[in-house]
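The values are calculated or read from the model by the stated rules, or taken from the named source; none is laboratory data. All values derive from a computational prediction rather than experimental measurement. All Cβ positions, even for glycine, are placed from backbone atoms using ideal geometry, and neighbour counts span all protein chains on display. Keep in mind that these areas ignore ligands, DNA and RNA; they rest on the heavy atoms of the full protein, side chains included. Shrake-Rupley method; radii C 1.70, N 1.55, O 1.52, S 1.80 Å.
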Amino acid sequence: MIRKCLFPAAGYGTRFLPATKAIPKEMLPIVSKPLIQYGVEEAIEAGMDTMAIITGRGKRAIEDHFDISYELEHQIKGSSKEHLLKEIRELVLNYTFTYTRQKEMKGLGHAVLVGETLIGNEPFGVVLADDLCEGEKRGVMAQMVELYKKFRCSIVAVMEVDEKDIHKYGVVDAKELEEGVYIIKDMVEKPKAAEAPSNLAVIGRYILTPDIFEILKTTEPGVGGEIQLTDALKAQAQKGMVLAYKFKGKRFDCGSIDGFVEATNYFYNKDKEKS
Ligand code: UTP
């Protein structure tokens, strides 16, 4: 039902400099897999088959990752290492990857708008690959697709955050509709703790209906001079309905050093338990 997933991956990743000088943040590995591959696997689990990736200058490694490397395949064919390429080879062969470049980094809202040419007029998922999520029983995007089938409107994933961290997030003012599902009345980008309307913070998973593109075209730059997706969602919520969904599972903020190290330890221990 939702076939396409958009991956805005054009940001500079300044918090990871100098590592991100020549390598996109989305290609930093958590154990042996780049961040963006976790996101792609989550989208596939949710039933999506087309990955629409917004890249920028210096991000070519993402395209190379989701392509066949003939030389490498040839080198390791028949060796004990061949199995290490199995997962990525299956992704490359069975799913579609499309790309466009965001030429100026004018914010997440702008990056989503740049994706219009890849998405067209249909609902779509959005994954910010630096938010690494592990769903309980099912992936977070799969949980959101289930909810979309029932309500057919834009949905943002939210989680409860401590007061001391609230200023880092977009925060929703919302009314509970059913357990863990809220109707958004308003949204505030990076509020001071005292001004936050709730402790429900938006994380990097969305399902968006395509009318968001028209709204983004008239959204003025907001906080930090960037076109904020939050502002467009707020307008969409005021015109119709946008839901916030308190997902079931864990989320690691891999855009920050602390979250990245936490995720590395978590997935390392998990892999070790399996083997
Ligand atoms: P962030 O602000 O977390 O990413 O944007 P960043 O700018 O790369 O990181 P720092 O703060 O400098 O370390 C959230 C997501 O939106 C994308 C980023 O790639 C990231 O996945 N994004 C942001 C774009 O694609 N384009 C933009 O203009 C801004």
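Against the numbered list (1) within 17 Å of Ile36 (Cβ to Cβ); (2) exposed (fewer than 12 other Cβ atoms within 10 Å of the Cβ), Val112 comes up short only at (2).
Can you find a residue in segment 85-97 that is open to solvent by 50 Å² or more (accessible area, probe 1.4 Å), more than 13 Å from the ligand (Cβ to nearest atom), assigned to a strand (DSSP E or B) and more than 24 Å from Gly255 (Cβ to Cβ)? Yes; the residues of segment 85-97 include at least one that is open to solvent by 50 Å² or more (accessible area, probe 1.4 Å), more than 13 Å from the ligand (Cβ to nearest atom), assigned to a strand (DSSP E or B) and more than 24 Å from Gly255 (Cβ to Cβ).
Among residues of segment 120-136 that are over 13 Å from Cys254 (Cα atoms), those with a beta-carbon under 7 Å from a residue that is modelled with pLDDT of 95 or more and of a type in the set (S, T, N, Q) at least six positions away or on a different chain give the pairs Pro123/Thr209; Gly135/Gln143.
Could you check segment 31-45 and list, in sequence order, the residues that are touching a strand residue (DSSP E or B) at 6+ places or on another chain (Cβ under 8 Å) and surrounded by fewer than 20 Cβ atoms within 10 Å (Cβ to Cβ)?
Those that are touching a strand residue (DSSP E or B) at 6+ places or on another chain (Cβ under 8 Å) and surrounded by fewer than 20 Cβ atoms within 10 Å (Cβ to Cβ): none in segment 31-45.
When you look at Glu176, is it open to solvent by 50 Å² or more (accessible area, probe 1.4 Å) and in a loop (DSSP other than H, G, I, E, B), yes or no? It is false that Glu176 is open to solvent by 50 Å² or more (accessible area, probe 1.4 Å) and in a loop (DSSP other than H, G, I, E, B).
Is there a residue in segment 92-101 that is of a type in the set (Ser, Thr, Tyr) and either at pLDDT below 95 or at positive phi (or both)?
No.
Of all residues in segment 254-275, those that are touching a residue at least 40 places away in the same chain (Cβ under 8 Å), under 19 Å from the mean Cα position of the chain (by Cα) and more than 16 Å from Ala19 (Cβ to Cβ) total 1. Selection of segment 235-275 for residues being farther than 24 Å from Met27 by Cβ and open to solvent by less than 60 Å² (accessible area, probe 1.4 Å) yields Ala235, Gln236, Ala237, Gly240, Val242, Leu243, Ala244, Tyr245, Phe247. Of the residues making up segment 105-162, those that are of a type outside the set (Val, Ile, Thr), away from the ligand (no atom under 16 Å from the Cβ) and part of a helix (DSSP H, G or I) are Ala142, Gln143, Met144, Glu146, Leu147, Tyr148, Lys149, Lys150, Phe151. Among the residues making up segment 221-236, those that are in a helix (DSSP H, G or I) and either at pLDDT 90 or above or β-branched (Val, Ile, Thr) (or both) are Val223, Leu229, Thr230, Asp231, Ala232, Leu233, Lys234, Ala235, Gln236.
Taken together, Leu208, Leu216 contain a single residue that is in contact with a helix residue (DSSP H, G or I) (Cβ under 6 Å, 6 or more places away or on another chain) and either crowded, with 22+ Cβ neighbours inside 10 Å or on the phi > 0 side of the Ramachandran plot (or both), which is Leu216. Among the residues of segment 67-81, is any in contact with a helix residue (DSSP H, G or I) (Cβ under 8 Å, 6 or more places away or on another chain) and either within 15 Å of the ligand (Cβ to nearest atom) or in contact (Cβ under 8 Å) with a residue 24 or more places away in the chain (or both)? Yes.
Suppose we filter segment 25-78 for residues that are hydroxyl-bearing (Ser, Thr, Tyr) and part of a loop (DSSP other than H, G, I, E, B); how many remain?
Looking only at segment 25-78, we keep the residues that are hydroxyl-bearing (Ser, Thr, Tyr), and these are 32, 38, 50, 55, 69-70.
Keeping just the survivors that are part of a loop (DSSP other than H, G, I, E, B) gives 32, 69.
Result for segment 25-78: 2.
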